[in-house]
Amino acid sequence: MTVKERFEAAKEVYRSVGVDARQAIEILKTVPVSMHCWQADDVKGFDQDGPLTGGIQTTGDYPGAARTPEEVFADLDKAMSLCPGKKKINVHASYAVFEEGEFADRDKLEPRHFRKWVDFARERGIGLDFNPTFFSHPMVKDGLTLSSPDEETRRFWIEHGRACIRISQYFAEQTGVPCVMNIWTGDGYKDIPGDRLGPRMRYKDSIERILEEPFDKKLVKPCVESKVFGIGVESYTCGSAEFALSFAATHEGVLPLMDNGHYHPTEVVSDKIPALLCFYPELALHVTRGVRWDSDHVVLFDDETREIAKEIVRNDALGRVYIALDYFDASINRIAALVTGFRNMQKALLFALLQPNAELKRLQDKGKLTQLMNIQEEMKTYPFGDVWDYYCEVCQVPGKAEWFAEVEKYEEQVLSKRGGNRR
Ligand code: RNT
Ligand code: ZN
């Protein structure tokens, strides 16, 4: 049977429960998912040579990490060619591309330092998202940036944030696609603080000063990302969940960003999405996978990823939730890491689009909870794989194991020639 024939058969099975598989595919093709550039080089960036610091860490030494902008671009191209669906690329400020001999510190970054990213995006007809980089830099003083009690340090990072707003505006204008600009810092304390309020008041003031930089709210979507703890900041983070949500709620045009690796292990972002949809016109996600103390494993097609996708889809919120990936695994082939996570996010969205969502809601509202459980369980063995394979074919990307063969070829021909990793 061809892929198409399998799809036609599957379509009939889904039709029997009132689901239109072809429509699901058509919708999914229009939903952008942002691929993070930083999985390609273990969050090193191009603007400094020091180690990755600031509450996050990569582990592993798999050969072939990208070392230059050209290599990052090539790797992203390879990864994107193996992923179905609409893409954006998520760029960190530390990935500024300088001319030979040129350098600008983070507080002095200009749009022109990101012209190569704009060219890259425009040539491929995709949008860009952006992130100020408040880590891996000598001006991070005692682990602090926007919350620092040292005014010189705080000023530096406020200037960085403002520069990033200008760059985000430039990205959006140049690509014609709104730019999600996410503010995350690793500011916090390893042990019990002597003052929990002061740092948060300074953090609040700093973000407010960043947002004084003029921008078009339709083009730039500033977000605040919360985190419960980080490596070296186990006891206290300035940007806690309550801080970030309250900041976004009280500042027009600011979106809350939830990273599903940033909560206590039994909390789930899937349940937080509909809670926030009651109050916020738009919100943003970092989709990742937390494993014990780590918040950044490769995204799988697991229960929580499916549940997150369901909450976006069945609440008709595909246009209100900005979906980005955020993880970094240096212990496996990095292209495979990018592709696996991106494809799994796409799978989760497709799976959600293939559920009889209206019927599930009807059963719940009628109190038919036994049937509700039963149908949800039955849907798990519907011929999802046949629709997925067809979606990949329609998007002209390899299906199943074929994509991995492509990665192996790329590893042999390109990655293995790169020699040792930087640092
Ligand atoms: C860290 C946050 C943050 C970073 C990126 C690189 O815990 O999730 O989003 O992963 O900015
Ligand atoms: Zn994140």
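The values are calculated or read from the model by the stated rules, or taken from the named source; none is laboratory data. Predicted model, so just to flag it, every value in this text is computed and none were measured. Don't worry about glycine lacking a Cβ; one is built from the backbone with ideal geometry, like all the others, and counts go over all protein chains shown. We work out accessible area using only protein heavy atoms, side chains counted, and drop any ligands, DNA or RNA first. Shrake-Rupley method; radii C 1.70, N 1.55, O 1.52, S 1.80 Å.
Key figures for this structure:
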| read-out | value |
| --- | --- |
| Förster-model FRET efficiency, 35 Å R0, Thr266 and Glu408, C-beta, rounded to 0.05 | 0.40 |
| Largest-first ordering by accessible area, 1.4 Å probe, given options Trp293, Trp38 | Trp293, Trp38 |
| Computed label-point distance, nm, for sites Glu5 and Ile192 using a 7 Å Cα→Cβ extension | 7.1 |
| Shape category assigned to segment 150-280 from the gyration tensor of Cα positions, a/c cut at 1.5 | oblate |
| Surrounding net charge for Ile126, when Lys and Arg each add one and Asp and Glu each subtract one, Cβ distance under 14 Å | +2 |
| Lys, Arg +1 and Asp, Glu -1 on Cβ, resulting dipole of segment 335-403 about Cα centre, debye, nearest 20 | 300 |
| Residues with amide H under 5 Å from that of Val33, placed H, sequence gap 5 or more | Lys86, Lys87, Lys88 |
| Tyr236 long-range amide H proximity, modeled H, under 5 Å | Tyr189 |
| Probe 1.4 Å, accessible area per residue of the chain, Å² | 43 |
| Label-point gap, in nm, between Ser81 and Asp20 - each point 7 angstrom along Cα→Cβ | 3.5 |
| Per-residue HN-Hα couplings for segment 87-102 [Karplus 6.51, -1.76, 1.60; θ = phi - 60°; Hz; x = Gly/Pro] | 10, 10, 10, 9, 10, 9, 4, 5, 9, 4, 10, 8, 5, 3, x, 9 |
| Fraction in percent of alpha-carbon pairs per bin - 5 Å, segment 278-380 | 2, 11, 19, 20, 17, 14, 10, 4, 2, 1 |
| Lysine pairs in segment 40-154 with Cα atoms under 18 Å, if 8 or more residues apart or on separate chains | 8 |
| Cα-based Rg / Dmax (Å) for segment 227-314 | 13.2, 39 |
| Extension gain, Thr370 back to Asp303 (0.36 nm per residue minus Cα-Cα distance, nm) | 22.1 nm |
| Reach of Lys11 by Cα under 15 Å, taken over aspartates and glutamates that are not fewer than 8 positions away in the same chain | Asp20, Glu26, Asp386, Asp389 |
| log₁₀ of I(q)/I(0) at q = 0.11, 0.13, 0.18, 0.19 Å⁻¹ - segment 1-128, Debye sum with one point per alpha carbon | -0.55, -0.68, -1.02, -1.10 |
| Pair Ile332, Glu173: separation of 7 Å Cα→Cβ label points (nm) | 4.1 |
| Cα-based shape type of segment 155-222, given that a ≥ b ≥ c are square roots of the gyration tensor eigenvalues and the cut on a/c is 1.5 | prolate |
| Cα-based Rg and Dmax for segment 347-403, where Dmax is the largest Cα-Cα distance (Å) | 14.6, 45 |
| For peptides 204-213, 270-279, sequence by mean Cβ density within 10 Å, most packed first | 204-213, 270-279 |
| Built amide H within the under 5 Å cut-off of Cys395, gap 5+ | none |
| Neighbour net charge for Pro178 - beta-carbon separation under 12 angstrom, K R +1, D E -1 | 0 |
| Shape of segment 37-112, Cα gyration tensor, a/c cut at 1.5 | oblate |
| Descending semi-axes in Å of the chain, equivalent ellipsoid built from Cα gyration tensor | 35, 26, 19 |
| Length added when fully stretched, Ala401-Glu377, from 0.36 nm per residue minus Cα-Cα | 5.9 nm |
| Additional length obtainable on full extension of the chain from Glu70 to Cys278, 0.36 nm per residue less Cα span | 70.6 nm |
